[in-house]
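Read the figures in this text as sums done on the coordinates, not as results from a lab. Since we're looking at a predicted model, the values are computed, not measured. All Cβ positions, glycine included, derive from the backbone under ideal geometry; neighbour counts span all protein chains shown.
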Amino acid sequence: MPLRLHADESPSAGPDRVWAGDESAFEALFREHYHGLAAFAARIVGSDAVAEELVQDVLLRMWEQRERLVITESVAAYLYSAVRNQALYHLRHERVDRRWQEDRSADRRAAGGTRLPPTDDRARAAELAAAIERAIGLLPPRCREAYLLRRQHHLSYAEIARVMAIAPKTVEIHIGAALRSLRVSLAEWLVP
């Protein structure tokens with residue numbers, strides 16, 4: 001059944017009505033937060049279409065689980081946090097899928113005998129890339145998240161602070177700690 005917003009309802013209908021199963025209250029909540037959440041997710045994943053899908057999934061899950069859902073903060077804070085988590089999960093899944101596809105292509109090339117032996121430069125570059133991935137994987141989770149949001153997604157410190165729900169100064173501290181750790185982990189690769 002499609003959701004309808006009644007003319008006499010405020011666009012910021014109370015969440016208590018949503019938890020009680022009031023579809024019009026849910027639609028009002030959906031309309032109030034959808035565009036902001038989609039823009040937020042798009043900054044993380046880099047795609048408007050993917051962001052819209054992620055936001056719709058989060059909102060649908062919230063509606064389906066409304067009777068069991070316990071929200072201790074504001075609904076907006078809950079939604080932004082849920083969308084952030086969903087977007088980061090999507091990025092991790094996308095990276096794993098991309099690696100799998102690359103490995104599969106390499107296996108096909110090797111099976112067909114068309115794979116060329118890597119030159120010393122390509123082998124060294126591959127070793128460095130693997131060392132960087134390992135070093136990033138060893139970072140503490142919050143440092144790694146801040147570092148990746150900055151380096152891979154090119155978010156500003158202020159944007160990272162909003163995504164991670166921390167102060168911009170804390171973002172600066174996390175990224176500084178990540179860079180120091182990476183310098184130590186990759187010392188053998190750094191030019192003297």
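Annotations for the structure displayed:
- Three-way shape call for segment 40-87 based on the alpha-carbon gyration tensor, with the a/c threshold at 1.5: oblate
- Estimated from the Cβ-Cβ distance and a Förster radius of 22 angstrom, the FRET efficiency linking Arg17 and Asp48 is about 0.15.
- Taken as Cα centroids, segment 13-47 and segment 121-192 sit 32 Å apart, rounded to the nearest whole angstrom.
- The stretch between Gln152 and Arg92, if pulled fully straight at 0.36 nm per residue, gains 20.4 nm over its current Cα-Cα span.
- For the pair Asn85 and Leu138 in one chain, pulling the backbone fully straight at 0.36 nm per residue adds 17.0 nm over the alpha carbon distance.
- Karplus (6.51, -1.76, 1.60) ³J(HN,Hα), θ = phi - 60°, over segment 124-132, in Hz, Gly and Pro reported as x: 5, 4, 5, 5, 5, 4, 5, 5, 5
- For segment 151-192, the percent of C-alpha pairs falling in each 5 Å distance bin, counted from 0 to the bin holding the largest distance, reads 6, 22, 22, 20, 13, 10, 6, 1.
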